[in-house]
Amino acid sequence: MMGKVITIYNQKGGVGKTTLVVNLAHGLVRLGKSVTLVDLANPPYCHKWFGIPADGSALRWMKGEDVPRYGTRLGLYVLPGYWPDASDLFDGKELHLEAEDIRRERFETLQTEMVVVDGYRYEAIVEKELLRCSDLVLVPHTPGTPLESSQSVLKMCRELRKEGWTGQYYLFGIVETLGDVQKSLEISKNADGLMLVTWNERLRKRSTVFESPRVVRVIGEYHNLAMWVVKQGEVG
Ligand SMILES: Nc1ncnc2c1ncn2[C@@H]1O[C@H](COP(=O)(O)OP(=O)(O)O)[C@@H](O)[C@H]1O
Ligand SMILES: [Mg+2]
């Protein structure tokens with residue numbers, strides 16, 4: 001099965017990647033898709049949402065081990081990330097994700113329609129391979145995110161495209177004010193488009209604010225994001 005790989009990525013922590021990954025993965029399950037969440041974040045956090053251990057399944061899977069997946073009550077499959085325990089550190093047996101571990105074939109082997117990846121903070125060559133394996137890259141950007149960090153991810157995507165990568169990449173602007181919308185529009189000039197999310201009712205009602213050709217969708221609920229992602233998969 002040729003599953004779609006969706007990677008949520010920004011080099012900055014605390015921008016809402018993990019929250020987006022977990023909600024998007026569940027949204028896709030609710031739409032009837034088979035989905036695996038792969039937590040490659042360093043450090044990982046997705047497991048805390050499900051009360052499962054950070055046993056390193058995701059890294060082991062990428063390295064070629066056919067480890068079992070956790071199944072959540074809603075039917076989502078999860079490969080939790082890696083939090084080295086003291087004995088791993090002491091014995092020098094820590095797992096490291098290397099560029100050669102990031103292979104599209106490992107995502108395909110998961111045999112689900114969608115693979116949602118939480119990716120964060122490795123060496124640039126590892127990060128670049130992860131983006132190269134992805135069909136869709138969403139780059140969360142909040143009002144507090146340093147400009148350079150979002151821009152450097154978009155730059156990496158641009159370079160990949162020059163190298164023949166056929167994936168799509170969007171800025172995922174989390175906005176509260178008109179000023180935030182303007183900033184997101186500006187940054188998204190270097191992306192395929194801008195996905196705007198706001199929980200601000202008053203802002204959401206000002207539809208003219210969002211009438212830019214760069215804005216592909218304005219969402220107030222993750223459900224709508226999941227629907228858009230599925231549609232992307234169909235045309236892509
Ligand atoms: N859309 C949002 N609105 C408000 N708070 C959010 C939103 N998304 C995430 N948060 C909060 O921001 C913090 C960081 O989110 P998280 O998803 O862990 O970011 P990251 O994975 O990029 O480090 C968490 O406390 C989370 O609850
Ligand atoms: Mg995170």
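Throughout, read-outs are computed from the coordinates displayed, never taken from laboratory work. Bear in mind that the values here come from a model prediction, so they are computed numbers and not experimental data. Note that we place each Cβ from the backbone using ideal geometry, even for glycine, and neighbour counts take in every protein chain shown.
For the reader, a short list of remarks on this structure follows.
- Under the span-like rule (Cα at least 18 Å along the axis, Kyte-Doolittle mean at least 0.5), DSSP H helices of the chain: 17-30
- Trypsin sites (Lys or Arg not before Pro) restricted to DSSP loop in segment 1-97 with at most 11 other C-beta within 10 Å: Arg73, Lys93
- Cα→Cβ-extended label distance, 7 Å offset, between Glu234 and Ala124, nm: 4.0 nm
- Segment 1-155: C-alpha gyration tensor shape, a/c 1.5 cut-off, then a/b vs b/c: rounded
- Surrounding net charge for Val115, when Lys and Arg each add one and Asp and Glu each subtract one, Cβ distance under 13 Å: 0
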